[in-house]
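Comments concern the structure below.
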Amino acid sequence: MDKLKKAIRDIPDFPKAGIMFKDITTLLADAASFQRAVDLLGHRYLDRKIDVVVGIEARGFLMGAALAYKLNTGVVLVRKPGKLPYMTYKESYSLEYGTDTLEIHRDAINPGQRVLIADDILATGGTVGAVIKLVAKTGGELVECAFLAELTELGGRQKLGDTSIFALLQL
Ligand code: AMP
């Protein structure tokens, strides 16, 4: 785990002053670290009967696609506004830096399908909170939200209440 933590690079004051940005591109670019992270996360869900993995734009696409491949499921995209071509559900949310809206295709998840949400970092929890609401709108059954890492001091996990959250690394 220490090796994985070290593979994530700290960039102070990005994208604005006071934010310590956790840059996972260094972990993704290292074959051994990327494979280990996906294997460890994926292993947790092998027996959880996941039907579909939801990846959050943009780094969540990478974790989500890799996890879906490992779990032998499809992958569904949650995207920023105006990117998805078919009818969508929308949810607004606040970030550690700024606010935004996310969308999912209305027919991306069938009611009752067992869903795993994937993203790189859990910070304040605003983003994944919106995605949880989007999944609920489709009628999907959320199994868990999986992250490469959580920034524990920001209290995202507490904000999400009863939702099942798993993060491989605590930063
Ligand atoms: P939040 O909604 O605050 O939980 O923010 C989560 C989203 O913003 C994730 O998709 C992260 O990729 C990104 N993010 C927020 N804070 C950071 C940070 N300090 N370092 C890297 N990514 C971050």
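Just check the chain against the gyration tensor rule for me: Cα atoms, a ≥ b ≥ c as the square roots of the eigenvalues, rounded for a/c under 1.5, and otherwise prolate or oblate depending on whether a/b exceeds b/c.
Oblate, since a/c reaches 1.5 and b/c is not below a/b.
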Across the range 53-171, how many lysine pairs, 8 or more positions apart or on different chains, have C-alpha atoms separated by under 26 Å? Please give the number.
-> 13
Of all accessible heavy-atom area on the chain, the percent that carbon and sulfur account for (1.4 Å) | 51 percent
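Loop-only check: which chymotrypsin sites (Phe, Trp or Tyr not before Pro) in the range 7-93 are DSSP coil with at most 14 other Cβ within 10 angstrom? Don't skip to the end; give the middle numbers.
Working: sites: 21, 34, 45, 61, 69, 86, 89, 93; in loops: 86.
Answer in residue order: 86.
Return a whole-number percent for the relative contact order of the range 49-170, with Cα pairs under 8 Å and 6 or more residues apart as the contact set. Can you show the working numbers first?
On the way: 274 pairs, mean separation 29.4, N = 122.
Value for the range 49-170: 24 percent.
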How much area per residue is accessible in the chain when the probe is 1.4 Å and only protein heavy atoms are counted (Å²)?
-> 50 Å²
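The values are calculated or read from the model by the stated rules, or taken from the named source; none is laboratory data. Just so you know, these numbers come straight off a predicted model, no measurement behind them. Neighbour counts are summed over all protein chains in view; Cβ atoms, including those assigned to glycine, are modelled from backbone coordinates with ideal geometry. In case anyone asks, the SASA skips ligands and DNA or RNA and just uses the protein heavy atoms, side chains included. Shrake-Rupley method; radii C 1.70, N 1.55, O 1.52, S 1.80 Å.
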